[in-house]
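*Asks:* I have a structure here, written as structure tokens, and I will follow up with some questions on it.
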Amino acid sequence: MQNQRIKAAAIALCVLALITAAKINSAKTDTESKPKDIQLSSLGISVSNQDVEFNGAPSDIPAYNIKGSNYFKLRDLAKLFNGSTAQFSISADDKIHSICISKGNAYTERGDEMSGLSETALSIGESPWKLIVDGSELTASAYSIDGSNYYKIRDINNALGVDVEYNKEKNSIELSSEYDPVVPESAAADPSWFDDAAFCGDSLSTWLQNYAGDAGLGNAAFLTATSFGIVNALGPVTESSVHPSYQGSKMLLEDAIALKGAKKVYLMFGINDIDYGVDEAAKYYVELINKILAKSPEAQIYIESATPMLNTSKRATYKLNNETIRAFNEKMRYYCKEYKWNYLDIASVYADEFGGLKADACSDAETMGLHISFGATAKWVDYLRTHTR
Amino acid sequence: MKKLCVIALTFVLLFCACGKNDAGSSSPGNSGTQTESAIEALSLANVQEEIISSLKITEYTDISPERLLDLYGIDTADMSQSASFTIMSGAYPYEVVMVQAVDKAAAGRVSEKLQARLADLQNQYKDYDAESYKMAQECTVDTDGLVVSLFLSPDHGKMHEILTSAIS
């Protein structure tokens, strides 16, 4: 028994000695200042002399220029993109020898990001690590220089949701996070924020004017009319036409907006137009917005998604129903992204678990089954106030 | 006897003449004076309160005189007082607008704006909501002296009665 104890103690001592020796060797390797004998320029690599901007702001992110292309360290990019729509976190999965990126997650800094680059290196080679973005492998040109991985920006920018432009005049690289039209939640805006706003729409939007002033929407203009639609708005004003009135005169929407001098134009249309077909109605919508912008070029456009109807609505037809409303909203969200307009998902405020209008928000359940009551409109106003850009 | 008849006839004629003078107070000129003096004492805010309490209206929002320009095109310079509100009990707002104009010409302008508003709403409801269209068709813009009103509500008749009794 005593022999066994002695044996065990001896083995433990040997293991400890081996570990200590290994640590000392490792420390020596780290601390010994080996000469960096690889001149990167001899391999066509140099520290990039181009300035880099992200979303219009200058940054000090370093990059290598390798054979004419810019290569960045992922951790530097993660730090740069933090807080933007392109933010991502990084983890390493040793089992599959992969670097994993999770888009949308905030990056926790390590402290060594954005450090300067050297023109010489101890080691260089193609990166042996796989790059996984949100679970999918991404093929990208990458080099490992002194143990750090540098990725070709034009191979990874799309996957990261970032646009890359080269500005020849400034000799700079302009990175911008891909435009997300959905306006994120923000602190509640003061009612005066809406003083230069115009709310345009059909009967669904008529209650908004009752929330003017201190009730939430300040001194906005309310250009709404029952049975008003995109197609009406594109037509001429006649005695029998349906157009909103502003200051006592019926006029074209674009003229009323210009007369108000609105800088923020909120639009909710769809219910009276989806009968023309989702794609057609959406095209007409874009045409209307372009007319508005032609007369008010500085206006910011806010498209409010069309709200759903009761699942039992008597107005529902094979052309107008909650599915076509959703399809129409998706189409408009797409156009918002393309034209850099803002998209407000008002429909989400009122949709029940089946995607229909919540019964307690409806003011005409027995007839049309699609109008929102005055009381329930308060949530809409709250959403508007807490989703501004 | 003849003398008596003449005297009696004279009395009758005098009496009739006096009676005619009383009835004459409803002639446009005289009635204007009386109505105008009644209107001078009129408070449209009180009329609004009376409408709201009599008809048990619980959900409503006041429309300030300044907003009448944006909503109806009514200039504050044309008004000596106003009381307006929207009622929120239906699918769309019901509208109550009462304006006392500064003079006849201003009353004409206010009436014109409200007529245009009513015509717009009738037009909007026409092929969309039969019930609202019928209601809007029954509504009118009324001018009582210098007071111009639009009651766009299923209770427009009662509302107008309350206003006219306050004026008289």
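No lab work stands behind these numbers, since they all come straight from the coordinates. Owing to the predicted nature of the structure, the values given are computational and were not obtained by experimental measurement. Cβ placement follows ideal geometry from the backbone for every residue including glycine, while neighbour counts extend to all protein chains displayed.
*Asks:* Using the Cα centre of chain A as origin and beta-carbon charges of +1 (Lys, Arg) and -1 (Asp, Glu), tell me which of A:141, A:297, A:220 is placed farthest towards the positive end of the dipole.
*Replies:* A:141
*Asks:* Right, another one. Given axes a ≥ b ≥ c from the Cα gyration tensor, I'd like to know whether segment A:270-389 is rounded (a/c under 1.5), prolate (a/b larger than b/c) or oblate.
*Replies:* Details: a/c = 2.16, a/b = 1.38, b/c = 1.56.
Oblate is the answer for segment A:270-389, as a/c is 1.5 or above yet b/c matches or exceeds a/b.
*Asks:* OK, next. Charges at C-beta only: +1 for Lys and Arg, -1 for Asp and Glu. How large is the resulting dipole of segment A:222-348 about its Cα centre, in Debye rounded to 20?
*Replies:* Using Cβ point charges on Lys, Arg, Asp and Glu, segment A:222-348 gives about 220 debye.
*Asks:* With 25 Å as the limit, write out which pairs from A:103/A:130; A:260/A:319; B:56/B:134 have Cα-Cα distances beyond it, or answer none.
*Replies:* Beyond 25 Å between Cα atoms: A:260/A:319.
*Asks:* Hey, another quick one. Non-local amide H neighbours of residue A:51 (under 5 Å, H modeled in plane, Pro and chain starts lacking H): which ones?
*Replies:* A:173
*Asks:* Could you run the Debye sum over the Cα atoms of segment A:166-297, one equal point scatterer each and no solvent, and tell me log10 of I(q)/I(0) at q = 0.20, 0.21 Å⁻¹, two decimals?
*Replies:* Each listed q maps to, in turn, -1.19, -1.28.
*Asks:* Residue by residue through B:119-128, how many Cβ atoms from other chains fall within 10 Å of the Cβ on average?
*Replies:* On the way: counts 3, 10, 3, 0, 10, 12, 4, 4, 2, 8.
The mean count of partner-chain Cβ atoms within 10 Å per residue comes to 6.
*Asks:* Another question about this same structure. Can you give the helix-only mean residue ellipticity at 222 nm for the protein assembly as shown, where every DSSP H stretch with n ≥ 4 adds -39500 (n - 2.57) and the sum goes over all residues, rounded to the nearest 500 deg cm²/dmol?
*Replies:* Mean residue ellipticity, 222 nm, calculated: -11500 deg cm²/dmol.
*Asks:* Please give me the summed charge of the neighbours of residue A:307: other residues whose Cβ is under 12 Å from its Cβ, Lys and Arg +1, Asp and Glu -1.
*Replies:* -1
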